[in-house]
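> Just dropping this structure here.
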């Protein structure tokens, strides 16, 4: 197996973005109020210095290993694969069923991939001398991860969360309280993730001198999309080495769910220059792409500017942002990371979707067959991977990123299954 | 002074430059009230726009409602929500300005809003339509000079100023860079915060203006946190103009019944505007 030589430096590498101004093709950029511009430049400078300092990566690696619990396992899901093969045969599909591998980000401390990025950014915030951290959260996984590192390093922490999400993610809200964070329910707009993001940005504008805005996904103004991607790329770097160690070759396909898109970007990025590896980003179709109740920003959105970057957005004909919908609070965002928007346009990644119903089914299937309760976000990725695997020959390998565990979603799933939890 | 920057638009009215020159000759700064288009409905907001010059507005800022105004405080956000509910669109706002121009061809009108509605409308098409409607300048909150290429060529071609925003956090070196090609006037966001929250002190404003004067010869208007006639008088003396937004919208909001305009709505806002104008004109401290 030929190893590409230092892909970041190859002239035609897809890994070299963004450009100096933070653009991925026509996407990305720094669309923020002037008050924040100097701060964005400071942040970029601090990040460049950290990147150039071997001590920073060493410190981060130590925390990733000893606190986060990395590397996360790559699990060959035999029972799931067997099910896929049975169905491929029964439905007389073109394929005979690929082998499924699961990248277990659900096993990280705090239960999701979010901690990889949060650990990187908190170390950066400390280097910048910031004393106070603000963050936005949808399902609460990013909020919990942020509150966790703030507890670990003794920093003041304030989390903005849509009032709707506060209601539907009560266990995570309580976890944040236990960890010592202040949780601010946001009632403006629809009271979901996008409104929480607006509110976090407002707080940041008012406290630029001592506050660090800890962004949870590969969106927002430059350098956040690049920085979060870099911190999450540990997922793909590990998965690449693990697949080679376990199978002797690269996988044939990688599948990951997309809200803002950080777990997907993290697992895709180290494979971008391996053109034979097919990459699939799975958006939340909600009740269906054409139901009007969806969060599929690429499939049903158009390019525009929101939250500091240019990307695909769910919006109306007049440029007003519309409310997205998904059963998963973590995918309920009207935009997507700008690098995904670009990878879509150049055709390197296939952006597809899974509905609420398909995700619920995949959620139960993984739980029953492998003893792994996935986050509803991850269940969207899995739902598409199951469909894909059925169409592939048996000698193909598909990696699915299980970005988080599903404990937080148990009440939502129970409600949809008509089960009353006391 | 700005006409030199727009050789490609000889027919341009240049109301902004003319207005600041006239006020400088009168020895006073500009009072620049803000209204959110379609708040709480199109008719009321247009009537307010038409009545503002007589009540003492020297320039007028018209807010374009946006669903996600992340640099605005709750007062303007709620005004935007009312405007959107009343059917505001970018096109509708331009039509409002065009109607205003039928009765007033002198008062400069500056649109203030966020990138996305313009991006969706199409920047080139928008600049053409805005110029035709009688708009003089654009303040795009989330469009820093680094990203201005999206709009600047089209604005220039149509004789529209893109008003440059500066903040207390802007370092001098950056001021020099971003003001090098600025036109119209410079908008100084006087606090690091969202609209309608804290106010800057006189001393802070003085030292900020000293820095700005070194970087530009354009007029400077101070915005964010100006509520009283006294603050407006001070700000317009220290700088060349004072923007009052949230204070006027709060007054408007206080007259609404169930979100609808009442007979008190127009008189209340205009009375407040007259008091602000008197402060700016006399330069006296009114309470």
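> Ignore the peptide's own chain and count Cβ atoms of other chains within 10 Å of each Cβ in B:138-145; give me the average, rounded.
Working: counts 0, 0, 2, 5, 13, 7, 10, 2.
Counting Cβ atoms of other protein chains within 10 Å of each residue's Cβ and averaging gives 5.
> While we're looking at this one, here's another question. Return the FRET efficiency for the residue pair residue A:209, residue A:276: r is the Cβ-Cβ distance, R0 is 60 Å, and the value is rounded to the nearest 0.05. Don't skip to the end; give the middle numbers.
Values: r = 49 Å, r/R0 = 0.82.
According to the calculation, E is roughly 0.75.
> Now for a separate question. Going by the alpha-carbon gyration tensor, a ≥ b ≥ c the square roots of its eigenvalues, is segment B:25-156 rounded (a/c under 1.5) or, if a/c is not under 1.5, prolate (a/b greater than b/c) versus oblate? List each step's numbers first, then the result.
Numbers: a/c = 1.40, a/b = 1.15, b/c = 1.22.
Rounded, since a/c falls under 1.5.
> Per-residue Cβ counts within 10 Å, from other chains only, averaged over B:112-121: what number is that? Each step should come with its number before you reach the end.
Working: counts 0, 1, 5, 7, 12, 7, 3, 10, 11, 3.
That works out to 6 on average.
> Further, regarding this structure: Please give, to one decimal in nm, the separation of the simple spin-label points placed at residue A:58 and residue B:274, each 7 Å out from Cα toward the Cβ.
7.4 nm
> Same structure again: At 10 °C and 1.306 mPa s, what whole-number value in µm²/s does Stokes-Einstein give for the translational diffusion of the protein assembly as shown, with Rh from the Kirkwood sum over Cα pairs?
Values: Rh = 26.6 Å.
Rounded, D is 60 µm²/s.
> Rounded, prolate or oblate: pick one for chain B, where a ≥ b ≥ c are the square roots of the eigenvalues of its C-alpha gyration tensor, a/c under 1.5 means rounded, and failing that, prolate if a/b is larger than b/c, else oblate.
rounded
> To continue, here is another question. For residue A:153 and residue A:178 in one chain, what is 0.36 nm times their gap in residues minus the Cα-Cα distance, to one decimal in nm? Can you show the working numbers first?
Values: separation 25, 0.36 × 25 = 9.00 nm, distance 1.53 nm.
7.5 nm is the gain from fully extending residue A:153 to residue A:178.
> Sort B:52, A:40 so the one with the fewest other Cβ atoms within 10 Å of its own Cβ comes first. Walk me through the numbers before you get to the answer.
On the way: B:52 28, A:40 20.
Listing B:52, A:40 from fewest to most nearby Cβ atoms yields A:40, B:52.
> Which of the peptides B:198-210, B:108-120 is most tightly packed, and how do the rest follow, judged by the mean count of other Cβ atoms within 10 Å per residue?
Values: B:198-210: 15.2, B:108-120: 24.9.
Highest-to-lowest ranking by the protection proxy: B:108-120, B:198-210.
> First check a/c for segment A:282-422, with a ≥ b ≥ c the square roots of the eigenvalues of its C-alpha gyration tensor; if it is under 1.5, answer rounded, and if not, answer prolate when a/b is larger than b/c or oblate otherwise. Before the final figure, lay out the partial values.
Working: a/c = 2.22, a/b = 1.32, b/c = 1.69.
In terms of gyration-tensor shape, oblate.
> How far is it, in nm, from the label point at residue B:264 to the one at residue A:13 when both lie 7 Å from their Cα along the line to the Cβ?
Rounded to a tenth, the inter-label distance reads 6.6 nm.
> Mind ranking A:107-113, A:373-379 by how tightly packed they are, going by the mean number of other C-beta atoms within 10 angstrom, highest first? Write out the running numbers ahead of the final one.
Details: A:107-113: 23.6, A:373-379: 29.3.
Top of the packing list down: A:373-379, A:107-113.
> Then there's this: Normalised by the number of residues in chain A, what is the relative contact order in percent for Cα pairs under 8 Å and 6+ residues apart? Before the final figure, lay out the partial values.
Details: 920 pairs, mean separation 86.7, N = 422.
With pairs under 8 Å counted, the relative contact order is 21 percent.
> List the relative contact order of chain B as a percent without decimals, with contacts defined as Cα pairs under 8 Å and 6+ residues apart. Could you put the intermediate results ahead of the total?
Working: 553 pairs, mean separation 63.6, N = 287.
Computed over chain B, the figure is 22 percent.
> May I pose another question? Which FRET efficiency, nearest 0.05, do residue B:54 and residue A:293 yield, Cβ-Cβ r, R0 45 Å? The partial results should precede the final answer.
Numbers: r = 49 Å, r/R0 = 1.08.
The calculated FRET efficiency here is 0.40.
> Counting every Cα pair in segment A:367-422, what percent are over 13 Å apart?
On the way: 1031 of 1540 pairs.
Result: 67 percent of Cα pairs exceed 13 Å.
> If you restrict to DSSP beta bridges whose two residues both lie in chain A, what percentage is antiparallel, to the nearest 5? Don't skip to the answer; put the middle values down first.
Numbers: 14 of 50 bridges.
Bridges in chain A that DSSP calls antiparallel: roughly 30 percent.
> Between residue A:345 and residue A:302, with labels modelled 7 Å along Cα→Cβ, what's the label distance in nm to one decimal, could you check?
It works out to 1.5 nm between the two label points.
> Determine by what factor the alpha-carbon radius of gyration of segment B:218-287 differs from 2.2 N^0.38 Å, reporting the quotient.
Details: Rg = 13.2 Å, N = 70, 2.2 N^0.38 = 11.1 Å.
Dividing the Cα Rg of segment B:218-287 by 2.2 N^0.38 Å gives 1.19.
> While we're here: For a quick check: sort A:204, A:75 by the number of other beta carbons within 10 angstrom, fewest at the front. If you can, show how the numbers build up before the last one.
On the way: A:204 21, A:75 18.
Placing the least packed residue first, the sequence is A:75, A:204.
> OK, next. Would you mind telling me the antiparallel percentage of the DSSP bridges in the protein assembly as shown, rounded to 5? Please report the intermediate quantities before stating the final value.
On the way: 15 of 77 bridges.
If I count the DSSP bridges inside the protein assembly as shown, around 20 percent turn out antiparallel.
> Then there is this: Just want to confirm a number: the relative contact order over segment A:25-113, from Cα pairs under 8 angstrom separated by 6+ residues, in percent. Before the final figure, lay out each step's value.
Values: 57 pairs, mean separation 21.4, N = 89.
Here the relative contact order equals 24 percent.
> Next question. Report, as an integer, the average count of C-beta atoms from other chains found within 10 Å of each Cβ along A:300-309. Write down the numbers at each step before the final one.
Details: counts 0, 0, 2, 3, 6, 12, 9, 3, 2, 2.
That average works out to 4.
> Run the helix sum for the protein assembly as shown: -39,500 (n - 2.57) per DSSP H stretch of 4+ residues, divided by residue count, reported at 222 nm to the nearest 500 deg cm²/dmol. Don't skip to the answer; put the middle values down first.
Values: 28 runs with 303 residues, N = 709.
That comes out to -13000 deg cm²/dmol.
> Counting DSSP beta bridges in segment B:158-287, what percent are antiparallel, to the nearest 5?
Numbers: 1 of 10 bridges.
DSSP beta bridges in segment B:158-287 are roughly 10 percent antiparallel.
> For segment A:1-138, with equal point scatterers placed on the C-alpha atoms only and solvent neglected, what are the log10 I(q)/I(0) values from the Debye formula at q = 0.20 1/Å, to two decimals?
Debye curve over Cα of segment A:1-138, log10 I(q)/I(0) at q = 0.20 Å⁻¹: -1.31.
> Now for a different question. Please report the spacing between the Cα centers of segment A:22-72 and segment B:69-117 in Å, no decimals.
Measuring centre to centre over Cα atoms gives 37 Å.
> So, one more: Tell me, what is the FRET efficiency for residue B:102 and residue B:124 to the nearest 0.05, using R0 = 30 angstrom and their Cβ-Cβ distance as r? Provide the component values of the computation, followed by the final result.
Details: r = 26 Å, r/R0 = 0.85.
Calculated transfer efficiency: 0.70.
> Quick one: in segment B:106-242, what % of C-alpha pairs are over 26 Å apart? If you can, show how the numbers build up before the last one.
Working: 2231 of 9316 pairs.
Result for the distance tail: 24 percent.
> I've got another one for you. How long is the gain from residue A:126 to residue A:86 if the chain were fully straight, where each residue apart is worth 0.36 nm and the alpha carbon distance is subtracted? Provide the component values of the computation, followed by the final result.
Working: separation 40, 0.36 × 40 = 14.40 nm, distance 5.24 nm.
So the extension gain works out to 9.2 nm.
Only the coordinates and a few stated rules stand behind these numbers; no lab work does. It should be emphasised that the depicted structure is a prediction, and the values quoted were computed from it without experimental measurement. Ideal geometry is used to build each Cβ from the backbone, glycine not excepted, and the neighbour counts take in all protein chains shown.
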